[in-house]
Amino acid sequence: MAALTAGIANSFITARIAHSKAARALIESVMINLCENRDEHFGNARLARNFFEHEQQEQANRLSSVAEPTQEELLTIEAVDVERAHNAIQHRR
């Protein structure tokens, strides 16, 4: 699990995106939940990539209603983005 979480963190470092403190606290429990409820099509790297992409999409959806988002808002994934990404991935399974 630590390797999966580290892989996601490395993806965000490459993209220069950070998680808020609340998002970091939530992401590990979300990853544990996804791994514990995996099926025969599960793949760690694929899950990490899909989750990363969903977090970015949820962040974009959240910020779409902000007239002039700050640099910090554009580069920070919040807990709500993590939660919505988790819900999106759960619904795809």
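For Glu68 and Asp39, a Förster radius of 30 Å and the Cβ-Cβ distance give a FRET efficiency of 0.10, rounded to the nearest 0.05.
For segment 34-86, trypsin sites (Lys or Arg not before Pro) are listed when DSSP marks them as loop and at most 16 other Cβ atoms sit within 10 Å of their Cβ; the list is Arg38. Within segment 16-93, the chymotrypsin sites (Phe, Trp or Tyr not before Pro) that combine a DSSP coil assignment with at most 14 other C-beta atoms in a 10 angstrom radius are Phe42. Restricting the GluC sites (Glu not before Pro) of segment 16-88 to loop positions (DSSP other than H, G, I, E, B) with no more than 15 neighbouring Cβ atoms within 10 Å leaves Glu40.
Every number here is computed from the coordinates shown, using simple stated rules; none is lab data. Just so it is clear, the structure is predicted and the values come from calculations on it, not from any experiment. With ideal geometry, Cβ positions are generated from the backbone for all residues, glycine too; neighbour counts draw on all protein chains shown.
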